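Participant: Here's a structure for you.
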C-alpha cells in the first residue's frame, strides 16, 4: 500500500470516528483562531484585490467570503479566505513541521462544509483529519524542505485536500486520488516572502483552493499517482531529502498533532516571537528607560537571521519580518504586539528608529541546536550606564509548551474581531464557535453573524 493510500485511510477514519473531548476542544481552538485572523485579513490587500479579479465567481455559490458575507463558489471562497487568513501574520503554527496549518486547511474545510451543509462536528472532524495528515507530512519533509519551499503553500495542499475529501464523503480510494492530485499541484517558493510582495498569503489561498479542487476532481473520478509522495520523482525526493515515510505514517494514530499547535501571540513572523517575549520580560521586570539603552543584543537560530534580519523595514509588511523593528516595539510597548503596532507611522517614529539602530542580531549556537523543535532567543539589553539585563526565552508564548489559555485565545479573538464586526456580533460568533460541535449546520456560524458593516483595522 502506498503512503498516500495510508494517509487516505486515516483521513476517512478521522471523518467518522469518535474523537476525545480534548482533541475536539483543540479543533475548536484552531477554528476560533482562524476566524480571528481571517475577519480582519479579509479587509486587506491582496484579499480585496482578489475579489475584484474574481468578480465573476462572487455573488453566486454556497460558500461565504469573510468578513462581509458575500456568496462565492466553493473554490473561490477557499482561495480568498485562505489568502485572508494568512495576511496579518497571526495564524497558527505547527512548530515541528515549520507549517501554518489553519490558513489552508480550515479555509478549504469551511468552504466545503457550507457547500455540503455539514454539521459543526462534521467540520471539526474534517479539520482534525486535515491537520493530522498535513502536520505529519510537514514534519517528515522538514527541516530540509524549508530551505527552499514555503511549507504552508506545499504541504497545505495535502491538508486542505484531506479535509475537503472528508466533508465530501469520499471513500479511501477516492481520498487517495485527491491527495495524489494535490501532491502534484503543490508549490510555493520562499523567495515570495523575502520581499515586500503579496505572494506569501496567496500561497495559503492556493493551497486551500487546490485542496478543494483535488477533492472535487476525485469525487468525479479523476485519478492521481498513488506514489506521489515516495516515488522516485515524487514529492519527498523532489522537495526534501531522506524522508522516512514509514515513521511519518506510524505517527498518525497516536500523535494528535492538533493538540500541539501554536496560537500566535504577536502579529509578526513566528521567528521573532521569542525575541519579543524575552524583551517583554526584561522590560516588565526592570525599570528601563528606552532612551537610555546603548545596545540590544539578540541571539537566535539561523532562520530568524535569514528571514527576519531587516534593520530598515520600509513597509508594515516588512516590519513584521524585521527582528530589529519588533525588538524596538517590544521595548517601547512591553506587551504583546498587535496589528496596530505595525502601522506605517510607527516605522517613521524617531523613537523606533533609534532603537532599531542599536539592535545587534546574531545566530546563537544553542538556539540553533534545538531548532525546529524549539524557537528560542537569548537577549541582552545594555544601558548607557553599562547595566546588563538578560533573559533567555526557551520557547514562545503560544507554543504547546507555553500555550495561550482559552481566555487568552478569546482575548486575542476579541482584539482582532470586534473592530471589524462590532462587539455583539463578534461575541455571538465566539460563543457559537466554542460550542461548534453542537451546531446542526455550520451555516449558523458562517452566515448569520458575519453579514455586517465592517471597517479596516490596519
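The values are calculated or read from the model by the stated rules, or taken from the named source; none is laboratory data. As the structure is a prediction and not an experimental result, all values here were calculated from the model. FYI the Cβ positions are ideal-geometry reconstructions off the backbone, even for glycines, and counts take in every protein chain you see.
Participant: For the condition surrounded by fewer than 24 Cβ atoms within 10 Å (Cβ to Cβ), in contact (Cβ under 8 Å) with a residue 60 or more places away in the chain and either closer than 23 Å to residue 271 by Cβ or assigned by TED's automatic domain parsing to the domain that holds residue 238 (or both), what is the one hit in 146, 94, 131?
Facilitator: It is 146.
Participant: Return the residue satisfying two criteria in turn: it lies in the stretch 314-331 and is closer than 17 Å to residue 270 by Cβ and over 21 Å from the mean Cα position of the chain (by Cα), and of such residues it is surrounded by the most Cβ atoms within 10 Å (Cβ to Cβ).
Facilitator: 325
Participant: Sticking with this one: Somewhere in the stretch 236-244, is a residue crowded, with 16+ Cβ neighbours inside 10 Å, under 20 Å from residue 16 (Cβ atoms) and at pLDDT 95 or above?
Facilitator: Scanning the stretch 236-244, I find no residue that is crowded, with 16+ Cβ neighbours inside 10 Å, under 20 Å from residue 16 (Cβ atoms) and at pLDDT 95 or above, so the answer is no.
Participant: Now for a separate question. Could you list, in sequence order, all residues of the stretch 339-352 that are buried (at least 16 other Cβ atoms within 10 Å of the Cβ) and over 16 Å from residue 283 (Cβ atoms)?
Facilitator: Answer for the stretch 339-352, where residues must be buried (at least 16 other Cβ atoms within 10 Å of the Cβ) and over 16 Å from residue 283 (Cβ atoms): 339, 342, 346, 347.
Participant: What about residue 437, is it out of contact with any strand residue (DSSP E or B) (no Cβ under 9 Å at 6 or more places or on another chain), free of Cβ contacts under 8 Å to residues at least 40 places away in the same chain and part of a helix (DSSP H, G or I)?
Facilitator: In short, no.
Participant: Name the residue, out of 225, 207, that is in contact with a helix residue (DSSP H, G or I) (Cβ under 7 Å, 6 or more places away or on another chain), at pLDDT 95 or above and crowded, with 21+ Cβ neighbours inside 10 Å.
Facilitator: 207
Participant: Here's something else I'd like to know. Of the numbered conditions (1) over 24 Å from the mean Cα position of the chain (by Cα); (2) at pLDDT 95 or above; (3) closer than 30 Å to residue 344 by Cα, residue 452 satisfies every one except a single condition; which is it?
Facilitator: (2)
Participant: So, one more: Scan 178, 153, 164, 208 and give me the residue that is outside any loop (DSSP other than H, G, I, E, B) and farther than 17 Å from residue 126 by Cβ.
Facilitator: One residue alone meets the criteria, 153.
Participant: Separate question: Check off (1) surrounded by 23 or more Cβ atoms within 10 Å (Cβ to Cβ); (2) farther than 23 Å from residue 192 by Cβ for residue 5 and give me the number that stays unchecked.
Facilitator: Failing condition for residue 5: (1).
Participant: Here is a further query. Which of the residues that make up the stretch 20-70 are closer than 12 Å to residue 80 by Cβ and assigned to a helix (DSSP H, G or I)?
Facilitator: 38, 41, 47, 48, 49, 50, 51, 52, 53, 55, 57
Participant: Would you call residue 123 in contact (Cβ under 8 Å) with a residue 12 or more places away in the chain and outside any helix (DSSP H, G or I)?
Facilitator: No; evaluated as a whole, the condition is false for this residue.
Participant: Let me ask something else. Looking at the stretch 408-421 only, could you name the residues that are farther than 26 Å from residue 19 by Cβ and either touching a helix residue (DSSP H, G or I) at 6+ places or on another chain (Cβ under 9 Å) or surrounded by 15 or more Cβ atoms within 10 Å (Cβ to Cβ) (or both)?
Facilitator: Scanning the stretch 408-421 gives 414, 415, 416, 417, 418, 419, 420, 421.
Participant: Tally time: how many residues in the stretch 291-310 are crowded, with 16+ Cβ neighbours inside 10 Å and either more than 18 Å from residue 147 (Cα to Cα) or out of contact with any strand residue (DSSP E or B) (no Cβ under 6 Å at 6 or more places or on another chain) (or both)?
Facilitator: Count: 11.
Participant: Among the candidates 88, 137, 58, single out the residue that is in contact with a helix residue (DSSP H, G or I) (Cβ under 9 Å, 6 or more places away or on another chain), crowded, with 24+ Cβ neighbours inside 10 Å and more than 21 Å from residue 245 (Cβ to Cβ).
Facilitator: Criteria check complete, one pass: 88.
Participant: Give the stretch 311-338 a look and list any residue that's touching a strand residue (DSSP E or B) at 6+ places or on another chain (Cβ under 6 Å) and in contact (Cβ under 8 Å) with a residue 40 or more places away in the chain, or say none.
Facilitator: Answer for the stretch 311-338, where residues must be touching a strand residue (DSSP E or B) at 6+ places or on another chain (Cβ under 6 Å) and in contact (Cβ under 8 Å) with a residue 40 or more places away in the chain: 323, 327.
Participant: Another question about this same structure. Within the stretch 181-199, how many residues turn out to be touching a residue at least 24 places away in the same chain (Cβ under 8 Å) and either buried (at least 19 other Cβ atoms within 10 Å of the Cβ) or assigned to a helix (DSSP H, G or I) (or both)?
Facilitator: Residues flagged as touching a residue at least 24 places away in the same chain (Cβ under 8 Å) and either buried (at least 19 other Cβ atoms within 10 Å of the Cβ) or assigned to a helix (DSSP H, G or I) (or both) within the stretch 181-199 amount to 10.
Participant: Scan the helices (runs of 4 or more DSSP H) fully inside the stretch 223-299 and keep the ones with 2 or more residues being under 24 Å from residue 130 (Cα atoms).
Facilitator: 235-239, 245-250, 252-255
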